[in-house]
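Undergrad: The following block contains the structure, expressed as C-alpha cells.
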Amino acid sequence: MKMLLNKVFRAGLRSGIRLQSSAAANAALSSSNGSLGFSFELTDQQKEFQQLARRFAREEIIPVAPAYDKSGEYPVPLIRKAWELGLVNGHIPQEYGGMGLSNFDSCLITEELAYACTGVQTAMEANSLGQMPVILAGNDAQKRKYLGRMTEEPLMCAYCVTEPGAGSDVANIQTRAVKVGDEYVVNGQKMWITNGGKANWYFLLARTNPDPKCPASKAFTGFIVDADTPGVTPGRKEMNMGQRCSDTRGITFEDVRIPKENVLIGEGAGFKIAMGAFDNTRPPVAAGATGLAQRALDEATNYALERKTFGRAIADHQAVSFILAEMAMKVELARMAYQRSAWEVDQGRRNTYYASIAKAFAGDVANQVATDAVQVFGGNGFNSEYPVEKLMRDAKIYQIYEGTAQIQRIIIAREHLGRFKK
Amino acid sequence: MSGRVLVGVKRVIDYAVKIRVKPDNSGVVTDGVKHSMNPFCEIAVEEAVKLKEKKLIKEVVAVSCGPQQSQETIRTALAMGADRGIHVEVAGKDYETLGPLQVSKIMAALAKKEDAQLLILGKQAIDDDCNQTGQMTAALLDWPQGTFASEVSLDGDKVKVVREIDGGLETIKISTPAVLTADLRLNTPRYATLPNIMKAKKKKIANVKPADLGVDLTSRLEVLKVEEPPQREAGVKVETVEDLVGKLKETGRI
C-alpha cells in the first residue's frame, strides 16, 4: 500500500500537478508515460455494457423482483427482454451467433443484473453453466446445433450433474450410460438442476465405465441431451429459501437414448469437461454474489442516513457506521477478487486458484453483508415490506452451489500448497 | 429528397442526480457528476431511427455541440441506431456561454450543409429548460416547425404532426424540409442492445469547429447569479374551512 502511494506521489510530481483527489491522481497515472501495467480502468465499451446492464436491471428487474420472489413464477418476460438486448449468452462465440464476450465483460454484466435480483440472474447464468462444456469441448457440429439455437430464440439450457446422493462428490454419481449400437442408454436421477424444467437441452454427466476401480478421469462421459427425448422427466419445481423465481428440479432419466453424435469429445472424457467448466463459471457466480452484496450495502446505507434514533441519523452512530464500513470493505474486496479471476482466464491462463478464491470469498461476503443489512434495518429488516430480508435468503445459496464453500477451500489449499511444493 | 435526418443530442447532467449549486453561485457543480443524453433528445433519436426502420428516410445523423465528452452522447445515439455522428467542438468559456441562439445557428448551418430533410430535436433540455433551440433554428432556416410533437407521420414531402398544446392536441401538416421537436409521449426510447453498442464503435463521428460553419459563438446573455430555490417551509394544519380561508386572507394569498 505504502509503495503504491509513493508511486502515486512521484508520478504526480513528474507530471507537475497537485494531487487534489484520488480522481486526479488516477488521471495523472494513466496519462503519465510510467504505465504501471496493472489497471483498474474499464474501457469505454465496458463502461457502456455496464451502463446498459445497470439501466436494464434497475428499470426492468427491480420493480418486479419482489413479486417474482413471492410467486416463484419463472421470469419469462425479463429473460426474453434481456435476451433481446444481448445480455444473456455472452459466452457463446461470435461464429455461432453469440457476443463472444470476454469473461470479464460477462462478469460486469452479471454483477449489475444480480444487484437487481439474483433469482432472475441465476436463471440467466445457468445458461452459461450449461453451455460452457459445449463451448470448451464441443465439436463444430455440436456447437452449431446447440449453441446456435440459443442465439436464435430465447431458449434455456441446464448443467445436469448433481444427484440426490452426490453433490460435492461428483465422482460418486450413479447415473449410468450404456452403449447400445450407435446410442447410449441412460438411467439415473439428477437433483437441484437449475432451469431443470425450462431447459431445451442439458449437459449431462453419466458414468460409462461400470468398473469401480476405474479412475474418475476415465469413467465418466459428457452428453448433450435434448429435453424432449423420451424418458426425460423433470420433477416438480422445488420451493427454496431464496432465489425463488429460479427453476430448480429433480430430473429422472429412464432408458433415455442419446445418439453417439451427442458425446462431448469421447467416452471417458466427461469428468474433466464437467470440472473444467467451473474455471469459467465461478468468476461470474462470484460477480453475482458481489452484486447482491453491493445492493445490500446500498440499501443499508440509504436507510441508515434516513432513520433517526436518539436524536440523529443512525449512520451518525459509530456502531452503525462501523457495520457499514466493514460491509464496504468486503464488497470492494469481493469485486477485486472476481475481476482478477475473470481477467486471469481471459489472459489464457489457468485461473483455478483465483476462481475458487473469488467464489469462496464473494459467497461468504454476500451472506455476511446481507445479514448485516438486515441488522442495520433493525425490526424493519426482518419484514418482507423491506428489501433486505430477501437478500439474506437469496445469499445463502452462494455458499453452496457451484462448489460449496468447503470444496472451494479444498481447491484453494491444494493449489496453494501445490505452488509451494514446486 | 435527401432522406437524411439530423438529430440534435445534448449532454446534460443525469436526471437522477441531486443538483448542487457552486459555492460562488456562478452555476451548478458539473465536475465528476454523472451526465447522460437529455431524455427528450433520446425520444428524438428514437423517432428518427423508427422512420429509418419504416424505410421512410435513409440516414440518421446525430449531432452534438460541446466538449470532448459530447462524443459519448453521440455514441449512445449511434448505439440506438443512428448511422453517423457530427461532433461540433465547443469547449472552455465558449461552452459555458453556449445557449440556444448559438446552437441554433450551428444546427441551421449543418442542416443546410447536410441537405437535411428533417431536423429533429428534443423539445427542451432538462438542465436549462429553454425550449428555444428548435424554434430558433426553424426561424433561421425559414423552415416550417412542428414543436411539442406527440405523433409524427411522413407523407411524401409533407409531415403530419400532432402537437401537445395547453388546450389539448393540435394536428398540423407542414412541408419538408422542417424542424420537429419531440415531446414526452412521442415514443418510448429503446435500450441500446449489446451488439449495437459494439457496432457503434465502427460508426464514424466527424469533428467540426463552429468557425468552419461560419458561426459566431458570442453570447448576448450574462449569467448574474445561480441560487437554490428557497427551502420548503412546514405547512400549518387548520381545523375548519373557515380557518383555512382566514389563514389564506392573513398571508395575503386571497
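Undergrad: Where the centre of each part is set by its Cα atoms, how far does region B:143-188 sit from region B:1-40, in angstrom?
TA: After rounding, the separation between the Cα centres reads 24 Å.
Undergrad: Once region A:264-372 is represented by equal point scatterers at the alpha-carbon sites, with solvent omitted, what log10 I(q)/I(0) does the Debye formula produce at q = 0.16 Å⁻¹?
TA: -0.72
Undergrad: Express in nm, to one decimal, how much length is gained between A:Ile62 and A:Ala171 on full extension, taking 0.36 nm for each residue of separation and deducting their alpha carbon distance.
TA: Additional length available on full extension: 35.3 nm.
Undergrad: Okay, next question. Over all Cα pairs of region B:97-242, how is the pair count split among 5 Å bins, expressed in % and running from 0 up to the last occupied bin?
TA: Taking every Cα pair in region B:97-242, the percentages come to 2, 8, 13, 14, 15, 15, 13, 8, 5, 3, 2, 2, 1, 0.
Undergrad: Provide the FRET efficiency to the nearest 0.05 for the B:Ile172-B:Asn25 pair, computing r from the beta carbons and using R0 = 51 Å.
TA: That pair, B:Ile172 with B:Asn25, gives E of 0.75.
Undergrad: Pulled fully out, how much extra length does the chain show between A:Ile400 and A:Asn383, if you take 0.36 nm times their separation in residues and subtract their Cα-Cα distance?
TA: Numbers: separation 17, 0.36 × 17 = 6.12 nm, distance 2.49 nm.
Length gained, A:Ile400 through A:Asn383: 3.6 nm.
Undergrad: Within the set A:Lys272/B:Lys202; A:Lys47/B:Lys112; A:Lys308/B:Lys247; A:Lys190/A:Lys359, which residue pairs have Cα atoms separated by over 31 Å? Present the calculation step by step, with values, prior to reporting the outcome.
TA: On the way: A:Lys272/B:Lys202 40 Å; A:Lys47/B:Lys112 35 Å; A:Lys308/B:Lys247 33 Å; A:Lys190/A:Lys359 24 Å.
From the list (A:Lys272/B:Lys202; A:Lys47/B:Lys112; A:Lys308/B:Lys247; A:Lys190/A:Lys359), the Cα-Cα distance tops 31 Å for A:Lys272/B:Lys202; A:Lys47/B:Lys112; A:Lys308/B:Lys247.
Undergrad: Right, something else. Any idea what diffusion coefficient region B:4-251 gets from Stokes-Einstein, in µm²/s, Kirkwood Rh on alpha carbon pairs, 20 °C, 1.002 mPa s? List each step's numbers first, then the result.
TA: Details: Rh = 19.6 Å.
This corresponds to a translational diffusion coefficient of 110 µm²/s.
Undergrad: Also: What do you get for Rg/Rh over region B:92-137 if you use C-alpha atoms and the Kirkwood form of Rh?
TA: Values: Rg = 11.2 Å, Rh = 11.3 Å.
Ratio of gyration radius to Kirkwood radius: 0.99.
Undergrad: Could I ask something else about it? Which of the peptides A:289-301, B:241-253, A:149-161 is most tightly packed, and how do the rest follow, going by the mean number of other Cβ atoms within 10 Å of each residue?
TA: Those peptides, ordered most packed to least, come out A:289-301, A:149-161, B:241-253.
Undergrad: Within 10 Å of each residue's Cβ, count the other Cβ atoms and sort B:Thr240, B:Thr97 from fewest upward.
TA: By the 10 Å Cβ count, ascending: B:Thr240, B:Thr97.
Undergrad: Return the lysines within reach of B:Lys225: Cα separation strictly under 27 angstrom, same-chain partners fewer than 8 residues apart disregarded; answer none if there are no such residues.
TA: The reachable lysines, counting only those whose Cα sits under 27 Å from B:Lys225, are B:Lys10, B:Lys18, B:Lys22, B:Lys34, B:Lys93, B:Lys105, B:Lys123.
Undergrad: Name the most mobile residue of A:Glu41, A:Glu385, A:Glu125, meaning the one with the largest mean-square fluctuation, in a Gaussian network model of chain A with Cα contacts below 10 Å.
TA: Of the options given, A:Glu41 has the highest mean-square fluctuation.
Undergrad: In a Gaussian network model over chain B where Cα atoms closer than 10 Å are linked, find which of B:Pro210, B:Pro195, B:Pro39 has the largest mean-square fluctuation.
TA: Maximum fluctuation in the GNM of chain B, among the listed residues, is at B:Pro195.
Undergrad: Further question: If R₀ is 22 angstrom, what is the calculated FRET efficiency for the pair B:Asp212 and B:Gln68, using the beta carbon separation as r and rounding to 0.05?
TA: On the way: r = 17 Å, r/R0 = 0.79.
Working from the Cβ atoms, E equals 0.80.
Undergrad: To the nearest 0.05, how large is the calculated FRET efficiency for A:Glu415 and B:Ala91 if R₀ is 51 Å and r is the Cβ-Cβ distance? Show your work: numbers first, answer last.
TA: Numbers: r = 52 Å, r/R0 = 1.01.
About 0.50, to the nearest 0.05.
Undergrad: Could you work out how far apart the two model spin labels at B:Glu242 and B:Leu221 are, taking each label as a point 7 Å from the Cα in the direction of the beta carbon, and quote it in nm?
TA: Between B:Glu242 and B:Leu221, the label points sit 5.1 nm apart.
Undergrad: Over the protein assembly as shown, consider all pairs of different Cα atoms and compute the Kirkwood hydrodynamic radius from their mean reciprocal separation; express it in Å, one decimal.
TA: Values: mean 1/r = 0.0349 Å⁻¹.
This gives a value of 28.7 Å.
Undergrad: When a footprinting reagent is the concern and you count Cβ atoms within 10 Å, what order do B:Leu213, A:Leu147 take, fewest first?
TA: On the way: B:Leu213 16, A:Leu147 22.
So the ranking, lowest neighbour count to highest, is B:Leu213, A:Leu147.
Undergrad: If you don't mind, there's one more thing I want to ask. Would you list which lysines come within 17 Å of A:Lys70, measuring only between C-alpha atoms, while excluding same-chain residues fewer than 8 positions from it?
TA: Cross-link targets: A:Lys237, A:Lys390.
Undergrad: Need the list of aspartates and glutamates near A:Lys218 for cross-linking: C-alpha distance under 17 angstrom, and skip anything on the same chain fewer than eight residues off.
TA: Correct list for A:Lys218: A:Asp169, A:Glu267.
Every read-out reported here was derived from the displayed coordinates using simple, explicitly stated rules and does not represent laboratory data. This structure is a prediction, so every number in the text was calculated from the model and none was measured. Ideal geometry is used to build each Cβ from the backbone, glycine not excepted, and the neighbour counts take in all protein chains shown.
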